[in-house]
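Participant: Provided herewith is a single structure, encoded as structure tokens, for subsequent inquiry.
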Amino acid sequence: MRRMIMCLVVVCCVVFLGGIAVAQQKGPVEKVLEGCSKEFETYCKNVTPGEGRLLACLYAYNDKISTRCEYAIYDSAAQLERVLNALSYLANECRDDLKTYCSDVKPGEGRLIDCLDKKKDAISDRCKTAFREVVQK
């Protein structure tokens with residue numbers, strides 16, 4: 001339980017990984033909000049959202065959360081892990097292209113992916129393949 005809560009704290013930091021499609025599913029945050037709605041209303045209604053406070057609240061009541069909520073948390077953690085693995089793969093395959101074409105781009109909010117997309121005619125075949133596999137699924 002502690003591992004999954006910690007994984008989901010990362011979800012709160014990664015609002016949307018610009019350009020990454022996650023197979024037309026609800027995002028990790030939406031899954032937890034929906035799956036744990038009863039718990040949020042029962043135990044966390046006075047908690048101010050943000051900075052992981054809602055997840056900390058769930059963690060404080062982890063012995064009382066429903067199977068539905070627990071599943072939503074595990075499922076969201078697995079979804080986040082898949083997205084992070086895909087981004088890691090893309091970054092590794094496009095490392096040289098990112099240095100060459102996007103070194104002046106500030107990371108975050110999908111800006112590096114947008115940069116690669118704009119330079120798609122110039123980037124290496126290796127990066128093009130990774131880009132197609134990860135971004136254009």
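Participant: With region 24-90 as the region, which helices (runs of 4 or more DSSP H) entirely inside it contain at least 3 residues that are of a type in the set (D, E, K, R)?
Facilitator: 28-35, 37-43
Participant: Just one of (1) in contact with a helix residue (DSSP H, G or I) (Cβ under 9 Å, 6 or more places away or on another chain); (2) at pLDDT 90 or above; (3) surrounded by fewer than 17 Cβ atoms within 10 Å (Cβ to Cβ); (4) within 23 Å of residue 78 (Cβ to Cβ) trips up residue 63, so point out which.
Facilitator: Exception for residue 63: condition (1).
Participant: On to the next question. Quick one: how many residues across region 92-115 are closer than 20 Å to residue 82 by Cβ and aliphatic (A, V, I, L, M)?
Facilitator: Residues meeting the conditions: 2.
Participant: Find the residue count for region 91-125, including only residues that are touching a residue at least 12 places away in the same chain (Cβ under 8 Å), under 30 Å from residue 33 (Cβ atoms) and outside any helix (DSSP H, G or I).
Facilitator: Of the residues in region 91-125, 2 are touching a residue at least 12 places away in the same chain (Cβ under 8 Å), under 30 Å from residue 33 (Cβ atoms) and outside any helix (DSSP H, G or I).
Participant: Kindly indicate the residue of region 108-119 that is at pLDDT below 90 and more than 16 Å from residue 89 (Cα to Cα) and also surrounded by the fewest Cβ atoms within 10 Å (Cβ to Cβ) among those meeting that condition.
Facilitator: Filtering region 108-119 for residues that are at pLDDT below 90 and more than 16 Å from residue 89 (Cα to Cα), the one surrounded by the fewest Cβ atoms within 10 Å (Cβ to Cβ) comes out as 108.
Participant: Are any of the residues in region 74-82 more than 20 Å from the chain's Cα centre (by Cα) and farther than 15 Å from residue 33 by Cα?
Facilitator: No, region 74-82 contains no residue that is more than 20 Å from the chain's Cα centre (by Cα) and farther than 15 Å from residue 33 by Cα.
Participant: Filter region 67-99 down to residues that are acidic (Asp, Glu) and surrounded by fewer than 17 Cβ atoms within 10 Å (Cβ to Cβ) and give me whichever is nearest to residue 123 (Cα to Cα).
Facilitator: Once the filter is applied, the top-ranked residue is 96.
Participant: Has region 47-57 got any residue that is crowded, with 17+ Cβ neighbours inside 10 Å, closer than 30 Å to residue 129 by Cβ and modelled with pLDDT of 90 or more?
Facilitator: For region 47-57, residues crowded, with 17+ Cβ neighbours inside 10 Å, closer than 30 Å to residue 129 by Cβ and modelled with pLDDT of 90 or more: absent.
The values are calculated or read from the model by the stated rules, or taken from the named source; none is laboratory data. All values derive from a computational prediction rather than experimental measurement. Here the Cβ is made from the backbone with ideal geometry for all residues, glycine too, and neighbour counts use every protein chain on show.
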